[in-house]
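Report on the structure given below.
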Amino acid sequence: MKIKTKLYLIIAIITLLLVGEILLTMNFITIPMQRKDIVEKAWRHAYTVQELAPMLNQAQMQQLASDMVSRDPQLSYLLVLNRDGKAIVHSEPDRVGMVFDDAGTLSSARYGKSLQQIYTRDSDQPYSNHRGEKTIDILVPNYDQAGNHIGAINIGISMEYLGQMARRHYLAFGIGGAVLLLMFFLAAKKLYHDINTPLNETVRAIRRMKSGNYDEINIEERRDELGLLACEFNSMASRIAELMADLKEAHEELENRVKQRTTELAAEKERLDVTLSSIGEGVVSTGLDGIIVLSNEAAANIVAVNSNELIGKNIQDFLQVPIWEADLNIEMINRDTVIELSNHRILAKDGSESLVDAKGSPIQNTTGQVEGMVWVIRDITEKQRFEEELIKAAKLESLGILAGGLAHDFNNLLTVIAGNLSLARMMSEETDSSGEFLREAEKATLQARDLAQQLLTFSRGGETIKKTVSTTNFLRNSINFALTGANVSCEFIIPEQLWNVEIDEGRISQVLNNLVINAIQAMPDGGSIRISAENVDIDNPDEKLPLAAGKYVRFSIADQGKGIPEKYLSRIFDPYFTTKENGSGLGLATSQSIIHQHGGYLTYDSRVGEGTVFYVYLPASQREHENKDVIPTLPLKGQGRILVLESDKSVRRVLKDMLVSLGYEVDIAQDRTELMDLYRNALQSDIKYMAVIIDLTFQGNKDESKVVQSLLSLDPEALLIASSGYSTEQLVSYYKMGFAAFIKKPYGIKDLSEVLQNLIDH
């Protein structure tokens, strides 16, 4: 008998004995113990009913019996009997009132006997039939609170449940036995394989020696399978001796040839490696089966792996497109075959994406036969990103131009409204009831001007225009404006004693708007934003807070969102970086730049699953803030001649009315030529204009500097006042153009009066 057969037979006998022993143990020990546990639990149920019976009424007892049976699948029924054997409570309500007159039940009900007293301990537990189901009866005498015997409690245990439990145990142990048997057979097979395989390998090795392999092998002769090895070894010994000399000579010659060729191949490979490594584009070479046999680092970098990791992989796995199967067959490859991919996305090992152009061309041997393909992969990710950024920049520039134009036209309309309102106030008496209405209208005009300034925020660039503001009022107004229409709540923790700050309101409002929008988008299902602020005195700045020593106002915007993943934390301030599907990636980058221009600092603290907090530091100001909501008092009047060049007809009319109301004489020029003629005639008549008001976007000439130069060449002492409805960056540049003052649209008669008075005084 072979070793394999003996081993399998022994394992089978052991397994069968073990499974039989388990089944016997279960039958004589495990199942009776489980049955005993179920009976004891039924006794406990009976005693529970006995204890609760005096405290419950009939309906409650009925509900208790039904609940206990419905919750315990081991119970078939539960009933309470009076001394006549009549069921006063039954888990099945339709059986209440029935008389149960079997001997055991009546004995317990009438004479107060328990189950053990009715039946001998030597016999099996009594069985009964309940609706076709065999059950075990548990009988317990029932007594009232005075100790008088009043009946019995009968609980039936389902034999079907016990049978199901036993069958499940048998099935489980049967399956376990089968699995155990299978495992033993698998183990036996593995053991036999571990023993027999080396033997068979040795036999095969000896047989290979007959064909020329001369490695020495010593095998001890045995009477089993190993004896075959010895016989084979002995039969080949003479053959090996005869071949040794010839093989040695041939080996030496072959070794010399191999060394020479290896040297040549090493030099060729070195030249090829240097060439491939110097190429900036990815190069991959494959066989006819599409398997990569050569790759440079540039190709490996595209998928974030080492070049050696690409060797042996299929080119379609590298390019992540089924080219070889869908577009190309081995039979179709010829010297003219070319495969091209344009703007193809490749997913790298680290999760990043690259955009590539790939081109595959055939490789031919010296006979012209195609042996494979060479692929040139060009990474165009940065090129594409640069082109997209140029497009974004162009769109933003166009948007800025549009916003600037709209704001200019809107400010012209507001100038007409504000001018007429201020004229109406001057004409009304203090006792006139319309005065209050006019004041409210002027205040609304100022608010509309602020809204226009919000629009200009997105169109302007250059230097910031700062003024001192109340931090408390500014924060509340800006945050409330940004929260308009949002599905989040906001908690303000802003003290009234905050230091003032000197800021460009429009730009800082843009920062707050960006941060609040980010907080809202971090909580798509709603939540709460906490806005807090405090005064901070920095004495010892550090690397974490790169600010000069001094007084600062710090405010924070905290959300309850998901937080920023750690892998993105170092890039959130990078331009055009965004995790949002429709985001531009400019919000935080722009905010950081604006805060830096104000001499402040923008930082954050984010925890995944908890939320994100952005902190803004702004230098405190010792100046008193301006109250922009105060309606100015009536203006001071003046005298003299004013020359006006204004593009908007309505603005020209209200501007003239305001100047006349202030006591000035007014001449209106329609274009640059008329402006120069009027000013030249005034100089010749010795009736000089006190000042010239020029709209920076008048229709006659788009190059305002030429007008200014022409006027100053006529009269170097000319007082020129610039007027504009565009962004306040004009405030920085108009001095360089030669203007002496600036009035920003929209303006009222008081603003106009102050500019003229300040110009005359200086």
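Readers should treat all values here as calculations from the given coordinates under stated rules, not as data from a laboratory. Everything quoted here is computed from the prediction, not taken from an experiment. Cβ atoms come from the backbone with ideal geometry, glycine included; neighbour counts cover every protein chain shown.
Here the residues Ile693, Ile291, ranked from fewest to most Cβ neighbours within 10 Å of their Cβ, fall in the order Ile291, Ile693.
The charge dipole of the range 471-621, taken about the Cα centre with unit charges on the Cβ atoms of Lys, Arg (+1) and Asp, Glu (-1), comes to about 280 debye, rounded to the nearest 20.
Other residues lying with their Cβ under 12 Å from the Cβ of Ala300 contribute a combined charge of -1, Lys and Arg counting +1, Asp and Glu -1. In the range 470-551, one over the average inverse separation of all distinct C-alpha pairs is 14.3 Å, which is the Kirkwood hydrodynamic radius. Taking other C-beta atoms within 10 angstrom as a stand-in for reagent exposure, Tyr747, Tyr664 fall in the order Tyr664, Tyr747, fewest first. Structure note, pairs Lys706/Lys744; Lys41/Lys113; Lys349/Lys567; Lys313/Lys359; Lys466/Lys544; Lys466/Lys656: Cα-Cα distances above 23 angstrom occur for Lys466/Lys544; Lys466/Lys656. Peptide packing for 748-758, 672-682 was compared via the average number of neighbouring C-beta atoms within 10 Å per residue; ordered from the highest value, the list is 748-758, 672-682.
Residues His90, His149, ranked from the fewest to the most other C-beta atoms within 10 Å, line up as His149, His90. Taken along its principal axes, the alpha carbon cloud of the range 471-621 reaches lengths of 40, 32, 27 Å, longest axis first. The ellipsoid equivalent to the alpha-carbon distribution of the range 53-110 has semi-axes of 19, 14, 10 angstrom, derived from the gyration tensor eigenvalues as √(5λ) and listed largest first.
Taking amide H atoms as placed 1.01 Å from N in the peptide plane, the amide H of Gly372 lies under 5 Å from those of Ile363, each 5 or more residues away in sequence or on another chain.
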